[in-house]
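Participant: Here's a structure for you.
The values are calculated or read from the model by the stated rules, or taken from the named source; none is laboratory data. None of these values were measured; they are calculated from a predicted model. Neighbour counts run over all protein chains shown; Cβ positions are idealised from the backbone, glycine included. For the accessible areas, the whole protein counts, side chains as well, though only heavy atoms, and no ligand, DNA or RNA atoms are used. Shrake-Rupley method; radii C 1.70, N 1.55, O 1.52, S 1.80 Å.
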Amino acid sequence: MRTLIIGNWKMHGSRASAGALAEACAGLLGHVVLCPPFTLLDVVAQALKSSSVALGAQDCHFAAQGAFTGDISAEMLKDAGCAYVILGHSERRGGWGETDAMVGMKATAAIEAGLIPVICIGETLEEKDAGKTLARVESQLRQSLPAAAMAENTVIAYEPVWAIGTGRTPTLEDIKTVHQHILDILVGIWHCSPAHCRVLYGGSVKAANAGEILAVPGVGGALVGGASLDAGEFAGIVSSVKVAHA
Ligand code: PEP
């Protein structure tokens with residue numbers, strides 16, 4: 001499986017800046033996805049038209065359509081050219097009270113619409129300090145993963161909440177331990193080889209640390225926030241895939 005690098009642009013950008021950033025990323029070689037805000041999906045889709053870089057979104061509703069003011073469905077994202085959708089990011093779990101059950105329903109909707117959900121899980125600093133990382137991650141994973149999820153149609157992103165946007169990362173040994181735990185659970189649920197399960201690491205990944213993080217056994221790629229808004233930095237992360245697997 002090729003290492004997957006996903007850029008989460010969060011709530012940043014205008015049509016002009018997003019178009020320029022997407023054009024700068026369009027030539028990146030590798031398995032790369034850009035996830036701009038909803039209003040910028042079309043301008044980024046245009047910039048990526050003849051590129052191998054794929055398009056993703058940052059959230060969706062669990063219903064296909066209906067009276068849900070302000071929401072966007074997975075089918076709408078598919079229609080807009082998306083192939084991926086990030087779900088259950090800690091900024092949505094924390095900021096909007098998204099529960100594991102809601103994330104699971106959204107993931108089901110994504111899969112039914114033909115999108116690949118990128119289901120985010122990860123412990124808070126308090127949980128880490130209390131030695132509860134593996135238990136927390138396991139409970140989020142089991143309760144967010146819908147029955148429709150399979151190794152072929154689902155990506156998991158391990159994102160320690162305390163590492164997002166802070167410049168702090170777990171030790172490589174800790175990343176290895178958590179990824180191994182996630183892979184063991186997925187293999188138990190999906191009855192597949194761990195080599196077929198894709199588990200990304202996310203949290204303060206940048207060009208300078210991507211090579212060593214991507215080389216950790218069990219890490220199948222990276223979900224990148226802040227550094228994905230800088231074309232040079234993001235290109236550095238993408239090119240470190242080759243170094244990590246050389
Ligand atoms: C994220 O928001 O998913 C993320 C990993 O952010 P950052 O890379 O900025 O820590």
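Participant: Test of understanding: what is the full-extension gain from Ala148 to Asp184, defined as 0.36 nm times their sequence separation minus their Cα-Cα distance?
Facilitator: Gain on stretching Ala148 to Asp184: 11.1 nm.
Participant: Taking amide H positions as placed in the peptide plane 1.01 Å from N, state which residues far from Leu87 in sequence (5 or more) or on other chains have amide H under 5 Å from it.
Facilitator: Under 5 Å from the amide H of Leu87: Val118, Ile119, Cys120.
Participant: Determine, from the Cβ-Cβ distance of Lys49 and Trp96 and an R0 of 41 Å, the FRET efficiency 1/(1 + (r/R0)^6), rounded to the nearest 0.05.
Facilitator: Calculated transfer efficiency: 0.80.
Participant: Need one word for the range 168-217: rounded, prolate or oblate. Basis is the Cα gyration tensor (sqrt eigenvalues a ≥ b ≥ c); a/c below 1.5 gives rounded, then a/b vs b/c decides.
Facilitator: prolate
Participant: Moving on to the next point. Could you quote the convex hull projected area for the range 6-143, Cα atoms only and averaged over all directions, in nm²?
Facilitator: One quarter of the hull surface, i.e. the mean projection, equals 9.1 nm².
Participant: Just how far, in whole angstrom, is the range 216-234 from the range 156-178 if you go by their alpha carbon centroids?
Facilitator: Value for the Cα centre distance between the two parts: 12 Å.
Participant: Right, another one. Using a cut-off of 14 Å between beta-carbons, work out the net charge of the residues near Lys132 (Lys and Arg +1, Asp and Glu -1, Lys132 not included).
Facilitator: For residues surrounding Lys132, the net value is -4.
Participant: In whole Hz, what ³J(HN,Hα) sequence does the range 71-83 give by Karplus (6.51, -1.76, 1.60; θ = phi - 60°), x for Gly and Pro?
Facilitator: Result, rounded to whole Hz: 9, 10, 8, 4, 5, 5, 5, 4, 4, 7, x, 6, 10.
Participant: Could you tell me what % of all Cα pairs in the range 42-119 have separations over 22 Å?
Facilitator: Above the 22 Å cut-off, the range 42-119 has 23 percent of its Cα pairs.
Participant: Where does the chain land at 222 nm, in deg cm²/dmol rounded to the nearest 500, when only DSSP H runs of n ≥ 4 count, each adding -39500 (n - 2.57), divided by all residues?
Facilitator: The helix-only estimate for the chain comes to -12500 deg cm²/dmol at 222 nm.
Participant: Once fully extended, how much extra length lies between Gln65 and Arg15, figured as 0.36 nm per residue of separation less the alpha-carbon to alpha-carbon distance?
Facilitator: This chain segment gains 15.4 nm when fully extended.
Participant: So how do 193-201, 15-23 stack up, highest first, on mean other-Cβ count within 10 Å?
Facilitator: Per-residue mean Cβ counts within 10 Å order the peptides as 193-201, 15-23.
Participant: Got a number for carbon plus sulfur as a percent of the range 1-114's accessible area, 1.4 Å probe?
Facilitator: Carbon and sulfur: 57 percent of the exposed surface of the range 1-114.
Participant: So, one more: Obtain the nm distance between the two label points defined at Ser139 and Leu29 by a simple spin-label model: each point lies 7 Å from its Cα along the Cα-to-C-beta direction.
Facilitator: Output for this residue pair reads 4.6 nm.
Participant: Need one word for the range 90-246: rounded, prolate or oblate. Basis is the Cα gyration tensor (sqrt eigenvalues a ≥ b ≥ c); a/c below 1.5 gives rounded, then a/b vs b/c decides.
Facilitator: rounded
Participant: Continuing with this model, one more query. For the pair His191/Glu212, report the inter-label distance in nm, with labels modelled 7 Å from Cα in the Cβ direction.
Facilitator: 4.1
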